[in-house]
1. Specify which of the listed residues (Ala115, Ala57) is surrounded by fewer than 17 Cβ atoms within 10 Å (Cβ to Cβ) and modelled with pLDDT of 90 or more.
2. Out of all the residues in segment 124-136, is one or more at pLDDT 95 or above, over 22 Å from Leu35 (Cα atoms) and not in a strand (DSSP E or B)?
3. Would you check if there is a residue in segment 85-102 being touching a Ser or Thr at 6+ places or on another chain (Cβ under 6 Å) and modelled with pLDDT under 90?
4. Is there any pair with a first residue in segment 40-56 that is within 25 Å of Gly107 (Cβ to Cβ) and a second that is among the charged types (D, E, K, R) and surrounded by fewer than 15 Cβ atoms within 10 Å (Cβ to Cβ) whose Cβ atoms are under 8 Å apart and which are 6 or more apart or on different chains, and what are they?
5. Have a look at Leu65, Leu47, Leu35, Leu74 and point out the one that is modelled with pLDDT of 95 or more, under 16 Å from the mean Cα position of the chain (by Cα), surrounded by fewer than 18 Cβ atoms within 10 Å (Cβ to Cβ) and under 26 Å from Asn141 (Cβ atoms).
6. Looking at (1) hydroxyl-bearing (Ser, Thr, Tyr); (2) loosely packed, with under 15 Cβ neighbours inside 10 Å; (3) at pLDDT 95 or above, find the lone condition where Thr2 falls short.
7. From the list Leu74, Leu65, which residue is under 18 Å from Ala165 (Cα atoms), among the hydrophobic types (A, V, I, L, M, F, W, C), in contact with an Asp or Glu (Cβ under 9 Å, 6 or more places away or on another chain) and without any contact (Cβ under 8 Å) to a residue 60 or more places away in the chain?
8. Among Thr163, Thr118, which is the only one that is without any contact (Cβ under 8 Å) to a residue 60 or more places away in the chain and part of a strand (DSSP E or B)?
Amino acid sequence: MTEKQQVRKQIREKIKATSEEYRNSASAAISLNVLTMPEVRDCKTILAYFSVGSEPATLALISKLLGEGKRVCLPLCTDLDEEGRRTGTIDAMEARVIKSFDDLVPGAYGIPEPAADTEMMPPEYMDLIILPCLSCDRECNRIGHGAGYYDKYLSKIRSDCFTLAMCFEEVLADEIPTEPHDRKVDAVVTEKQIYRWRR
C-alpha cells in the first residue's frame, strides 16, 4: 500500500467516526465561509462539484451561487463505457454549465452530473474551482479520492484561476503526502477557518 493509499484509508476511518449532525452543521458553516470570500464574490464562472456521501455538502452552496447569477459548471466524466466503467482515458473531465439541478442526470459512480446536451465551458474560462477532497492540511495540500480527474484538468486552467477545497476541520490532516504533479489549492475552507496558501 502506498503512503497516499494509507492516508486515504486513515482519513476514511476518521470521516466515518464523525456524526451526521456534525457533518450537516459543519457543511452549512463551510458554505457560509466560502460565500464570504472576495474571490467567490468577484468571480463570474465557477466549477463546483455535486457532493455525495460524507463530503461537505455543496447543494445549498450551488443553489446560492446560481441565485447570485454566477455561471456554475459541474464536472462531466467522459471516459466511461456503457456499463459505467472507466475506459482509461486520462483527459476525461469537462465542465458543463447548469442553470438548475434539473440539468442533472444520474452519472458515474451514482453521482448526478450534467446531461450530455449542456453547454461545455473550456478550462481557461474558469475564474474559480471548488475541488472535492478526502482531506487537506493547513498548508493547502489536498488529497482527493484517487481517480486523478482533477490533476489533468488543473494543468489547463489560467494561472489566476482561484482554487479552493472544502474540508471538515475534524478530518484535516497534519500533513498530506505529495508527489511532483500535485498542486496546492489556494485555500482550504473549513467550518472554523479559511487557510490560505501564500504563493
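The values are calculated or read from the model by the stated rules, or taken from the named source; none is laboratory data. Note that the structure is predicted; figures quoted are calculated from it, not measured. A quick note on method: Cβ atoms are made from the backbone with ideal geometry, for glycine too, and the neighbour counts reach across all protein chains shown.
1. Of Ala115, Ala57, the one residue that is surrounded by fewer than 17 Cβ atoms within 10 Å (Cβ to Cβ) and modelled with pLDDT of 90 or more is Ala115.
2. Within segment 124-136, one or more residues are at pLDDT 95 or above, over 22 Å from Leu35 (Cα atoms) and not in a strand (DSSP E or B).
3. Yes; the residues of segment 85-102 include at least one that is touching a Ser or Thr at 6+ places or on another chain (Cβ under 6 Å) and modelled with pLDDT under 90.
4. Ser54/Lys16
5. After ruling out the rest, the residue left standing is Leu35.
6. Only one criterion is unmet by Thr2, namely (3).
7. Leu74
8. Of the residues listed, the single one that is without any contact (Cβ under 8 Å) to a residue 60 or more places away in the chain and part of a strand (DSSP E or B) is Thr163.
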